[in-house]
Amino acid sequence: MLNGLAIGSVYAIFALGYTLIFSVLRIINFTHGAIFTLGAYAAYALTGSPLGINGLLAGLTLPFRLPFVLALVGGSIVAAVCGVIVERLAFRPLRARGADPLLSLVSSLGVAVALVNITQYLFGAEPYSYPDPLASLPSAVNFGTAGQPVLVRTVQVVIFAVSMVMLALLTYLMNATRTGKALRAVAEDTTTSSLLGIDTDRLILLTFIISGFLGGVTGTLIGLSVGIAGPYFGIAFGLKGLAVIVLGGLGDIPGAVVGGLIIGLAEAFVPAQHIAYREAVPFALLFIVLLVRPQGLLGRAQVQKV
Amino acid sequence: MATFLATYDFLLVSMVLAAVLALTLYLPLMAGQLSVASPGFYALGGYIAAILSTKVFHPGPGLYPIQLVLVEMVAAAVVSGILGLVVGLPALRLRGIFLALATIAFVQILGVVALNLQVTGGAIGIFGIPQPFSNQLSYMWVALPLLLLSMLFVARLERSRTGRALVALREDELAAAAMGVSPTYYKVLAFTTSAVLAGMVGAVSAHFINTWNSRQGTFDTSVNLMAFVLVGGSRTFVGPVVGGLVLTALPEALRGIADVGGLPGWLAQFLRDGRLIIFGVLIALGTVFFPQGLITPGLLRHLGRRRRVPHS
């Protein structure tokens, strides 16, 4: 079960960035998965490790080495910057035209595919793993007693802690700060908000920066936990992330965490003889949720205006 | 000419099959529904053909009889149609993004199931699927009529009452429903027809590619199909066909350019391997600059007018 929570918190942090953009812009940002990958690779490069043998940048090593935490932050900043560039290129023109959110989804899908393949082109498709950064900490934390140890890998505890901290920070931002109120206003109605003097463009930019940064953090942490399996692991996460945010309720920030934990637990509880079907669980849940309760567990039912 | 056909036989047939698959994305899109479920039915059709030809019909040595291929296509069509109905009826109550997500989930679930069942051969898949023809190009005898018939079907559909109903749904579903156009009936019709077509293409492709596994008909394929329709044209049936033909040939053309020589290494490598980068960029650019694709009804009317003028 602890395993389920660990996997779940991984999905949860990923979903936080996803759902933040949906909550403000009402679009699904597929590029989140690609930016998450980029952040992970950028952090890897910043730790001064050599790049693999397959990509264009084969054998390249940055001339400096950063300690892991700084590399994490640096990689996430790179991810945030990429998020901003993506917003400028792929989303803003569509928003200016008032295009259907479905069109934005397709556009973001195109950009995500392009980005992931560019990453593959640059870095190669082989797996990477970070040099051991948490060497100072014990490799596992004992949650049980000395007689019945329940060991959880430290990195998974870190991920869970980070997800809770992020959740708390985001909830505080959205509910208690002035910027949060402005963001919620933009989410409600972009045009009216701009009429009321809220700089919507700047706030949307801020949303993408936060989301990109979160994506980078998630990518690096997950890369630390399971290793980077290749550029496509971002797309796989992106697809599962869809299941998470729909389950929790599109646009609902605590919902993203709840959805992530539930799907993580569901995957962990698959009985052993059906273990091969574990990958299908999030998508089966997604399908069922869409049919039964599209607004997710914590979302509000969307009333269609005529 | 003969050497051209011989060298590019695989590519030419792939182009034609891709064009038909693009039409399967176009059909629900006519009703305004973005459904990326076609790769799932494509995979299903392929598995049906593969299983039938390797395990049920026990072929002797020599060429596999073409009638059995047609039987498999019918079987694939029927099964895909039934599954399309079963999945479509509940799923098509969803609108917009939610339907797209549901179809994505459907394709993923099918992929995992295909990866794990014994009858589908698990991760290895099914190989050694018998061939009805002695060379690749002869598949055109099946592929080209399939394309032409589907094009004819969709063209007639566009002009028929059903077609107008679909377009009405795309323009404004609530208004159409108020006018007596049953949204569920027409959306499910489009979805099921698309499923049947995708299943048939899958059945042919299984024989064409000779092996079939869970890597055929995945989310990647959906991305390709979206590129075909978005770039080719989403408002007329000619668009996806052209998109499918051109975008399947494009990577080969680029590879040819890369092989000419004289290009810097990174550019040549990009042209060879950058197919998905190019498709992704095309999708993004397409939605921003050409939301209706390159072949639009306006363009077709314009071309039609220019041809008719000298006769007046």
Checked B:LEU197, B:LEU245, B:LEU250, B:LEU189 against criteria (in contact with a helix residue (DSSP H, G or I) (Cβ under 9 Å, 6 or more places away or on another chain), within 19 Å of B:GLY81 (Cβ to Cβ), more than 14 Å from chain A (Cβ to nearest Cβ) and surrounded by fewer than 24 Cβ atoms within 10 Å (Cβ to Cβ)); the one match is B:LEU189
Note: among B:ALA123, B:ALA91, B:ALA105, just one is touching a Ser or Thr at 6+ places or on another chain (Cβ under 9 Å), aliphatic (A, V, I, L, M), within 26 Å of A:GLY238 (Cβ to Cβ) and surrounded by 15 or more Cβ atoms within 10 Å (Cβ to Cβ), namely B:ALA91
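Looking at the range A:175-200 only, could you name the residues that are of a type in the set (D, E, K, R) and part of a helix (DSSP H, G or I)?
Passing the criteria: A:ARG178, A:LYS181, A:ARG184, A:GLU188.
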In the range B:157-179, which residue that is assigned to a helix (DSSP H, G or I) and either among the β-branched types (Val, Ile, Thr) or out of contact with any helix residue (DSSP H, G or I) (no Cβ under 8 Å at 6 or more places or on another chain) (or both) is nearest to B:LYS55 (Cα to Cα)?
-> B:THR162
Scanning for something within 14 Å of chain B (Cβ to nearest Cβ), touching a residue at least 12 places away in the same chain (Cβ under 8 Å), in contact with a Phe, Trp or Tyr (Cβ under 7 Å, 6 or more places away or on another chain) and not in a helix (DSSP H, G or I), does the range A:263-279 turn up at least one residue?
-> no
For the range A:289-301, name all the residues that are more than 9 Å from chain B (Cβ to nearest Cβ) and either within 21 Å of the chain's Cα centre (by Cα) or closer than 20 Å to B:LEU110 by Cβ (or both).
-> A:VAL289, A:GLN295, A:GLY296, A:LEU297, A:LEU298, A:GLY299
Find all pairs meeting these conditions: Cβ atoms under 6 angstrom apart; at least six residues apart or on different chains; first residue within the range A:25-54 and over 9 Å from A:ALA71 (Cβ atoms); second residue assigned to a loop (DSSP other than H, G, I, E, B) and at pLDDT 80 or above.
-> none
Enumeration of residues in the range B:80-114 that are of a type in the set (S, T, N, Q) and at the interface with chain A (Cβ under 7 Å from one of its Cβ atoms) = B:GLN108
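Mind checking which residues of the range A:87-102 are surrounded by fewer than 19 Cβ atoms within 10 Å (Cβ to Cβ) and either at the interface with chain B (Cβ under 7 Å from one of its Cβ atoms) or under 14 Å from A:THR200 (Cα atoms) (or both)? If you could, list the steps in order and put the result at the bottom.
First, the residues of the range A:87-102 that are surrounded by fewer than 19 Cβ atoms within 10 Å (Cβ to Cβ): A:88-89, A:92-93, A:95-101.
A:ARG88, A:ARG92, A:PRO93, A:ARG95, A:ALA96, A:PRO101 - these are the residues of the range A:87-102 that are surrounded by fewer than 19 Cβ atoms within 10 Å (Cβ to Cβ) and either at the interface with chain B (Cβ under 7 Å from one of its Cβ atoms) or under 14 Å from A:THR200 (Cα atoms) (or both).
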If you scan the range B:20-45, which residues turn out to be at pLDDT below 90, not aliphatic (A, V, I, L, M) and not in a loop (DSSP other than H, G, I, E, B)?
-> none
Residue that is farthest from the other protein chains (Cβ to nearest Cβ), among those in the range B:205-229 that are among the aliphatic types (A, V, I, L, M) and crowded, with 24+ Cβ neighbours inside 10 Å | B:ALA206
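The values are calculated or read from the model by the stated rules, or taken from the named source; none is laboratory data. Note that the coordinates shown come from a computational prediction; the quantities given were computed from them, not determined experimentally. Ideal geometry is used to build each Cβ from the backbone, glycine not excepted, and the neighbour counts take in all protein chains shown.
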